[in-house]
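Please read the structure below before turning to the comments.
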Amino acid sequence: MAVWQDLRFAARTLRRNPGFTAAAVATLALGIGINTAMFSTVNSVLLRPLPYDGADRLVLLWTADSHAGLNERETGYANVLDWQRQARCFEDLSYMRSEELIWAGEPEPESLETDFVSPNWFAELGAHPVAGRTFTADEALRGDPLAVISYELWQRRMGGSPEAIGRTASIGGKFVQVIGVLPRGFRPLHKSTSLWMPYTFAPYFREEANSRSVKFGWEVIGKLRQGVGLEDARSEMTGIAARLAQAYPDDRGMGVRLIPLLDQVVGPVRLGLSLLLGAVAMVLLIACTNLGNLVLARGAGRIREIEVRAALGAGRGQLLSQLFTESLVLAGAAGTLGLLIAGAAVRAIVACAPGDTPRLHEISLDSRAVVFTLALCLLSAVLFGLAPAFRLASTASALGLRGSGVRHARRTRDLLVVVECGVAIVLLAGAGLLLRSMSAILRLNPGFEGAGVLTVRFHSTISDDPTRFQQLVSRLESLPRVEAAGGISRYFQVNAMRTAISIDGQPPLDPAGAPLINFDVIGGRYLQAIGVPLLRGRYFSAVDSVAAPKVAVVNQAFADLYLPHVDPVGHVLHRDYDRTGYSIVGVIGNTRRQAITSEPIPEVLWPQTQRPWGMALAVRTQADPLTLVPAVRHAIHDLDSGAVIQTVSTLDRQLDDQLAQRRFQTWLIGLFAALALALAAAGIYSVMYYAVAERTREIGVRVALGATPEDVFRLILGDAARLVSIGVGIGVAGALWLTRTLAGLLYGVTAHDPATYAGVAILLGAVAVVAAAAPAAKAMRSDPLAALRQE
């Protein structure tokens with residue numbers, strides 16, 4: 001009954017103060033809403049189990065190749081079979097390899113990401129068909145032409161018809177029978193795979209079935225047995241790798257690395273999302289301190305009410321219960337509104353987040369988010385309501401709210417301002433460091449000119465036929481305003497490995513210290529198309545035919561390492577496992593292809609005419625690159641009517657995509673820091689406003705004794721400056737400790753950058769001056785006689 005009375009009284013009290021109630025609910029709802037939205041994001045991406053059977057026991061097994069300096073390489077098929085036979089810690093081990101295949105026919109050919117999988121792969125992941133079946137071990141071993149397709153592909157190409165099961169389709173140039181459909185939205189390993197075929201259909205499988213080479217390796221997925229820990233599995237696989245290294249020369253220097261599947265999927269965004277969750281928690285803390293100040297300031301206006309209730313016999317506990325109930329009512333209303341804000345914020349995050357964000361389309365508000373919101377409401381009520389309520393109730397029952405009581409409340413409000421300024425500094429420092437880091441990245445020279453370059457990935461026999469690809473390049477270069485065209489096997493992925501290089505006439509480097517080197521193949525005039533500068537020698541040309549001497553172009557990083565004091569042009573290089581000699585005909589500038597923030601590594605390029613390989617197009621034009629798309633499509637289809645255009649973009653856009661995650665995280669942190677700054681400014685304003693109201697008599701006396709308006713203005717600003725200075729000092733100390741976690745996201749700036757800390761301190765100080773100026777101006781205009789008569 002008492003609780004019901006407290007609730008009714010709280011509701012009436014809040015209705016009589018609509019301005020306070022609206023400000024309190026809006027402020028807290030914003031804090032709760034963005035916290036719930038960010039929690040939903042973190043929960044969906046990092047915490048929620050992957051949608052596979054026994055997902056917490058699934059791990060990826062990689063070959064750790066010490067020779068190549070790579071810790072996550074695919075595994076040779078013979079080794080996969082040895083792992084299956086010898087490992088006892090796994091309930092099952094399956095394997096897969098991905099390729100692009102063309103599904104021919106109406107309405108038009110389509111390029112599909114295809115996984116060639118072992119038959120136990122479906123059961124291991126719990127991929128149960130919604131129509132048809134998967135293939136058996138015997139069917140896979142025989143190499144029967146069978147395919148399982150995604151639900152989306154079934155709908156798109158077969159109209160979702162049950163009669164489609166059993167039909168044949170032309171896939172990868174062969175007639176294949178569709179035997180099953182996987183569930184809607186099933187995304188294995190969060191790839192865009194649409195088609196699954198037996199492992200025996202994988203390219204080159206027959207040629208390398210007995211090989212231990214990682215050149216055509218397999219991705220291996222293991223499911224731990226119940227009760228077996230990850231470290232136990234790692235220990236067993238280390239022993240198996242050691243036995244294989246003793247038995248087979250090709251396995252020497254090869255280890256095994258086990259990574260939980262969830263960590264593999266979300267690893268690139270784990271740190272950023274964790275930091276964002278911490279940032280919004282700080283925003284909520286600032287919002288709660290603001291509300292605490294409002295509650296204390298409002299308490300000063302309820303002096304008579306609380307004194308009367310105490311005089312009528314209300315004890316400290318009753319007063320505390322009533323005041324805390326008001327805080328709970330406010331928090332409940334804010335939580336309801338906060339859920340609406342969270343829903344909108346989640347939709348905005350999904351819409352604005354980079355497309356490669358793992359589990360992006362799984363982000364949603366669920367029951368965990370509702371429970372989290374309820375917990376936030378209770379925590380917020382405690383943070384902004386309990387301490388002020390305790391202060392007011394204690395003071396009212398013991399001393400009354402005048403005199404020392406007012407001083408106690410004032411000190412509490414001052415402390416809250418210090419807290420919110422300190423927290424705001426931490427957020428501002430983090431945002432400032434990320435912004436400076438992004439600025440440094442944007443100033444980096446990637447080593448090429450991305451503006452005006454169209455990029456096209458396409459699936460066709462043209463791409464890996466040097467003669468036909470050169471025909472395509474010639475047609476494109478004959479188009480108006482096209483300056484150059486060419487191709488490369490991959491735009492922003494590198495084939496880097498540690499391999500011994502020897503150069504005729506030069507002392508060899510220590511093989512143990514061999515660096516990572518990127519090897520790639522280019523066709524046409526690719527280097528000219530993307531604007532990589534030629535430093536010495538020449539680019540590839542028509543003279544570099546298949547019958548001509550083998551040639552290579554190297555970058556400046558390669559020349560600095562292997563030929564630092566001589567002209568590299570004319571020297572012949574060899575790789576440790578390829579005794580062919582490649583004469584260096586040119587030296588080009590360094591490019592940042594592997595990652596814009598990574599230092600360029602040595603690079604060796606070969607012409608496609610001498611090393612046939614699949615090419616992706618790059619076309620430089622003086623016009624808008626996208627205006628070339630119809631002409632490029634026509635040129636490709638004129639040479640191969642069955643070609644499939646996979647992606648069309650620009651080189652600038654692709655480079656921009658490399659920074660999308662970093663930019664998104666920086667933008668969100670900056671947004672939260674701006675919100676924290678605004679809330680801190682509101683807190684300073686409210687404290688100074690109520691301080692002026694409480695000090696009306698003091699200000700009147702000072703003016704009566706000769707203080708000028710300027711003296712009063714300086715007094716109020718001085719109080720604000722004192723609080724902000726203390727908060728800034730505490731905040732900087734906290735930021736120096738907390739921002740160490742940002743180190744993995746920073747480039748070109750340290751986590752303790754003095755300029756950033758000085759800048760955010762000045763910014764907060766300037767905002768504090770502006771926030772305190774209005775109350776200070778009001779104090780300047782005080783009428784001393786009116787103030788004294790009021791008292």
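With respect to the conditions (1) touching a residue at least 40 places away in the same chain (Cβ under 8 Å); (2) closer than 27 Å to P49 by Cα; (3) polar (S, T, N, Q), N120 lacks only one, and its number is (1).
So which of S170, S111 is in a strand (DSSP E or B) and surrounded by fewer than 17 Cβ atoms within 10 Å (Cβ to Cβ)? Just a single option satisfies the conditions, and that option is S170. Among all residues of region 325-341, there is none that is on the phi < 0 side of the Ramachandran plot, open to solvent by less than 20 Å² (accessible area, probe 1.4 Å) and modelled with pLDDT under 65. Going through region 593-619 one residue at a time, which ones are touching a helix residue (DSSP H, G or I) at 6+ places or on another chain (Cβ under 9 Å), part of a loop (DSSP other than H, G, I, E, B) and under 17 Å from Q556 (Cβ atoms)? Of everything in region 593-619, those that are touching a helix residue (DSSP H, G or I) at 6+ places or on another chain (Cβ under 9 Å), part of a loop (DSSP other than H, G, I, E, B) and under 17 Å from Q556 (Cβ atoms) turn out to be E599, P600, I601, P602.
Tallying residues that are open to solvent by less than 60 Å² (accessible area, probe 1.4 Å), of a type in the set (A, V, I, L, M, F, W, C) and under 17 Å from A559 (Cβ atoms) within region 481-515 yields 3. Scanning region 114-145 for residues that are assigned to a helix (DSSP H, G or I) and either surrounded by fewer than 16 Cβ atoms within 10 Å (Cβ to Cβ) or at pLDDT below 90 (or both) yields A123, A137, D138, L141, R142. Taking residues in region 537-554 that are closer than 18 Å to V604 by Cβ and hydrophobic (A, V, I, L, M, F, W, C), and partners anywhere that are assigned to a loop (DSSP other than H, G, I, E, B) and open to solvent by less than 50 Å² (accessible area, probe 1.4 Å), the pairs with Cβ atoms closer than 6 Å and at least 6 places apart or on different chains are V551/D544.
The sole residue among T289, T357 that is at pLDDT 80 or above, among the hydroxyl-bearing types (S, T, Y) and more than 24 Å from F20 (Cβ to Cβ) is T357. Screening region 161-174 for residues that are modelled with pLDDT of 90 or more and over 18 Å from V644 (Cβ atoms) and picking the one that is nearest to the chain's Cα centre (by Cα) gives I165. Would you call R611 under 26 Å from E477 (Cβ atoms), touching a strand residue (DSSP E or B) at 6+ places or on another chain (Cβ under 9 Å) and either surrounded by 22 or more Cβ atoms within 10 Å (Cβ to Cβ) or not polar (S, T, N, Q) (or both)? Criteria met by R611. Would you please name the residue that is least open to solvent (accessible area, probe 1.4 Å), looking only at residues in region 146-167 that are without any contact (Cβ under 8 Å) to a residue 12 or more places away in the chain and part of a helix (DSSP H, G or I)? Selected residue: Q155. Considered as a group, the residues in region 62-92 that are in a strand (DSSP E or B), under 22 Å from E113 (Cα atoms) and not β-branched (V, I, T) include one that is modelled with the highest pLDDT, and that residue is W62.
Considering only region 242-262, I want to know if a residue exists there that is modelled with pLDDT under 85, crowded, with 19+ Cβ neighbours inside 10 Å and assigned to a loop (DSSP other than H, G, I, E, B). There is no residue in region 242-262 that is modelled with pLDDT under 85, crowded, with 19+ Cβ neighbours inside 10 Å and assigned to a loop (DSSP other than H, G, I, E, B). Within region 173-193, the residues that satisfy the criterion of being touching a residue at least 24 places away in the same chain (Cβ under 8 Å) and open to solvent by 20 Å² or more (accessible area, probe 1.4 Å) are G173, K174, F175, Q177, P183, R184, G185, F186, L189, H190, K191, S192. Candidates A693, A682, A707, A678: the one that is assigned to a loop (DSSP other than H, G, I, E, B), at pLDDT below 90, open to solvent by 20 Å² or more (accessible area, probe 1.4 Å) and over 22 Å from R481 (Cβ atoms) is A707. For region 721-733, the criterion of being open to solvent by less than 40 Å² (accessible area, probe 1.4 Å), modelled with pLDDT under 90, hydrophobic (A, V, I, L, M, F, W, C) and over 29 Å from R662 (Cα atoms) is met by at least one residue. Taking region 665-675 only, how many residues are touching a helix residue (DSSP H, G or I) at 6+ places or on another chain (Cβ under 7 Å) and either open to solvent by less than 20 Å² (accessible area, probe 1.4 Å) or closer than 16 Å to L433 by Cα (or both)? Total meeting the criteria: 7. How many residues are among the aliphatic types (A, V, I, L, M) and in contact with a strand residue (DSSP E or B) (Cβ under 8 Å, 6 or more places away or on another chain) when one looks only at region 443-464? Matching residues across region 443-464 total 3. For first residues located in region 239-255 and without any contact (Cβ under 8 Å) to a residue 24 or more places away in the chain, partners that are of a type in the set (K, R) and lie 6+ apart or on another chain with Cβ distances below 8 Å form the pairs A245/R252. In region 738-765, the residue that is surrounded by the most Cβ atoms within 10 Å (Cβ to Cβ) out of those that are within 23 Å of the chain's Cα centre (by Cα) and β-branched (V, I, T) is T739. Residue under question is P203, and the condition is that it be surrounded by 15 or more Cβ atoms within 10 Å (Cβ to Cβ), within 30 Å of D251 (Cβ to Cβ) and out of contact with any Gly (no Cβ under 6 Å at 6 or more places or on another chain); does it hold? Taking the combined requirement at face value, the residue does not satisfy it. Scanning region 631-649 for residues that are within 34 Å of the chain's Cα centre (by Cα) and of a type outside the set (A, V, I, L, M) gives R633, Q646, T647, S649.
I'd like the residue in region 211-227 that is at pLDDT 75 or above and open to solvent by 40 Å² or more (accessible area, probe 1.4 Å) and, out of all such residues, is farthest from A123 (Cα to Cα). By that ranking, first place goes to G227.
The values are calculated or read from the model by the stated rules, or taken from the named source; none is laboratory data. Here the structure is a predicted model, which means the values were calculated and not measured. When we count neighbours, we look across all protein chains shown, and the Cβ atoms used for this are built from the backbone with ideal geometry, even at glycine. Accessible surface areas use protein heavy atoms only, side chains included; no ligands, DNA or RNA. Shrake-Rupley method; radii C 1.70, N 1.55, O 1.52, S 1.80 Å.
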